[in-house]
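Written out below as C-alpha cells is the structure these notes cover.
Read the figures in this text as sums done on the coordinates, not as results from a lab. Since this is a predicted model, take the numbers as computed values, not measurements. Cβ: placed from backbone, ideal geometry, glycine included. Neighbour counts: every protein chain shown.
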Amino acid sequence: MMMSTSNTIMPSDAQLKEISNAIRTGNSKELSKHFNSMVELTLPSIEGSYSKMQAEMILKAFFEQNPPKTFSVEYVAVSTRTVKTVIGQYENANAKYSIYFLLKSVDGQPRIQKLQFEVE
C-alpha cells in the first residue's frame, strides 16, 4: 500500500513561521501554542521535562531576562514523516544561543517535544 504525501503531518511553512516569530519576539504564550503536553526544556540555568504551562512560564522568565535581538532558522531536517528538527540562532544584547527544537506528530498535529537554548 502506497502512502500519500498528504498524510505527512509535518509543520507547514506557516506553522514554522509562527514558531519563529514567537521566538523572535520573545512571546512565550504564542510559542506554547505549539508545545506538546510535556516539553523537554533546556536553558542555560534549567533543564527538565515540564508541562506545557510550566514550560511557558519558564520561557516567559527567560525572554524577560534575555530579550531577543534577532532569531533566524539555520537548518531544518525531516528525519521521518512524523519528526522534524529545527536549528536556529537566537541573539540578545549579551549572548548568542543555538536553538534546537524537535517537532513530533501528536494526534495528527506537529508539536514541540524538545526545546534547547545553548549559549555559544
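Each row is one residue, and each column tells you yes or no for (1) assigned to a loop (DSSP other than H, G, I, E, B); (2) within 12 Å of the chain's Cα centre (by Cα); (3) surrounded by 13 or more Cβ atoms within 10 Å (Cβ to Cβ).
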position: 21; (1), (2), (3): no, yes, yes
position: 31; (1), (2), (3): no, yes, yes
position: 38; (1), (2), (3): no, no, yes
position: 47; (1), (2), (3): no, no, no
position: 54; (1), (2), (3): no, no, yes
position: 73; (1), (2), (3): no, yes, yes
position: 77; (1), (2), (3): no, no, no
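So, in segment 19-56, how many residues would count as being in contact with a strand residue (DSSP E or B) (Cβ under 6 Å, 6 or more places away or on another chain) and not small (Gly, Ala, Ser)?
The number of residues fulfilling the criteria is 14.
Tell me which residues, restricted to segment 79-118, are part of a loop (DSSP other than H, G, I, E, B) and surrounded by fewer than 15 Cβ atoms within 10 Å (Cβ to Cβ).
Across segment 79-118, the qualifying residues are 81, 93, 94, 95, 107, 108.
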